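The next block holds one structure in the form of structure tokens; read it before the comments.
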Amino acid sequence: MLTDYHVHLRPDQEGTVARDWFTAANAERYRRAATERGITELGVSEHVHRFTQALDVWQHPFWRRWARDDLDAYAQFVREETDLRLGLELDYVAGREDRLANLVDRHEWDYVIGSVHFVGDFAMDLDDEHDIWRRASSPEQVWERYFATLAEAARSGLYDIMAHPDLVKVWGSARPAPDRDPRRYYEPAVEAFAEAGVAVELSTAGLRKPVGELYPSRAFLEMVVDAGCPIALSSDAHTPDHLGFGYDRALEALSDAGVTEIAVFERRRRRLEPAG
Ligand SMILES: [Zn+2]
Ligand SMILES: [Zn+2]
């Protein structure tokens, strides 16, 4: 079986409106592209910051700029007008766990994807005034804080899947990286994943980013597998074209790491199915 769960129906483009994208016809375009690529388990997971309800959690200027859609209308659309699994990409905001839980409790999701884009007020993957690297005192500090936040996110109990787990490397050589063996940074996150019993995403999105690699790195994936964490396979597609993107590379990485099964979700219950 092949899955693609971390999928966005709506582009990250200002001026676009939900009603043009949350349509049965658009969902059908995704379903068709997935079927062509042998992906039978297809779900969507819009960014929490696109929904007005997210402002009850956090009032960050980046969230205020993007929060236009209605979370309940999204969930209702996916359930009633599509055959897709219903998910949410729920950014972790440290200290706001109760408010995040309130959002999760509004609907019966098939899965909730946990991601860390921000550490404090600054982001891993924004090349603007919110860029963490403009403030960073050292790459060691950024990596350490990123993975500590990811560990905290996993332990919050809010999530089924931890997304793009080494997003901190997104810029590749365009940003500094620590000199030390990166495994010392992965370690606290891996420990937290295992204790929390979450699945870890193998994401091909990094292949489309400056870093040009899968998330997580080979060494990180090996540690996660050694710790007994299940793997969830996704592309983080923002268009039907992205579905299943780079899956040949992903399947090779899984097989190199000795992974033969991937995680499948329904109403937040997880099972394993043969990968491929
Ligand atoms: Zn993300
Ligand atoms: Zn995403």
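The values are calculated or read from the model by the stated rules, or taken from the named source; none is laboratory data. Model, not experiment: these values are computed from the prediction. All Cβ positions, even for glycine, are placed from backbone atoms using ideal geometry, and neighbour counts span all protein chains on display.
Within the group Arg32, Arg50, Arg64, Arg68, which residue is of a type in the set (Lys, Arg) and within 19 Å of Tyr111 (Cβ to Cβ)?
When all the criteria are applied, what remains is Arg50.
I'd like the full set of residues that are surrounded by 15 or more Cβ atoms within 10 Å (Cβ to Cβ) and part of a loop (DSSP other than H, G, I, E, B), limited to segment 14-30.
Phe22, Thr23
Listed residues Ala54, Ala73; which is within 16 Å of ligand 1 (Cβ to nearest atom), part of a helix (DSSP H, G or I), under 24 Å from Ala101 (Cβ atoms) and touching a residue at least 24 places away in the same chain (Cβ under 8 Å)?
Ala54
Tyr146 is checked against (1) within 15 Å of ligand 1 (Cβ to nearest atom); (2) closer than 23 Å to Tyr74 by Cα and fails just one. What number does that condition carry?
Every condition holds for Tyr146 apart from (2).
Looking at (1) under 17 Å from Glu41 (Cβ atoms); (2) surrounded by 14 or more Cβ atoms within 10 Å (Cβ to Cβ), find the lone condition where Glu191 falls short.
The failed condition is (1).
Can you find a residue that is over 22 Å from Val116 (Cα atoms), surrounded by fewer than 19 Cβ atoms within 10 Å (Cβ to Cβ), within 16 Å of ligand 2 (Cβ to nearest atom) and modelled with pLDDT of 95 or more anywhere in segment 221-228?
The answer is no, given that none of the residues of segment 221-228 is over 22 Å from Val116 (Cα atoms), surrounded by fewer than 19 Cβ atoms within 10 Å (Cβ to Cβ), within 16 Å of ligand 2 (Cβ to nearest atom) and modelled with pLDDT of 95 or more.
What residue, among those in segment 103-116 that are crowded, with 22+ Cβ neighbours inside 10 Å and closer than 22 Å to Pro61 by Cα, is nearest to ligand 1 (Cβ to nearest atom)?
Per the criteria, the residue is Ser115.
Say whether the condition of being within 14 Å of ligand 2 (Cβ to nearest atom), crowded, with 24+ Cβ neighbours inside 10 Å and small (Gly, Ala, Ser) is met by at least one residue in segment 117-124.
No: zero hits.
Residues are listed down the side, and each one gets a yes or a no for (1) within 16 Å of ligand 2 (Cβ to nearest atom); (2) of a type in the set (Phe, Trp, Tyr); (3) farther than 19 Å from Ala263 by Cα; (4) within 16 Å of the chain's Cα centre (by Cα):
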residue: Glu140; (1), (2), (3), (4): no, no, yes, no
residue: Tyr146; (1), (2), (3), (4): no, yes, yes, yes
residue: Ala154; (1), (2), (3), (4): no, no, no, yes
residue: Gly157; (1), (2), (3), (4): no, no, no, yes
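If you take the residues of segment 159-185 that are of a type in the set (Lys, Arg) and under 22 Å from the mean Cα position of the chain (by Cα), which of them is modelled with the lowest pLDDT?
Ranking the candidates gives Arg175 first.
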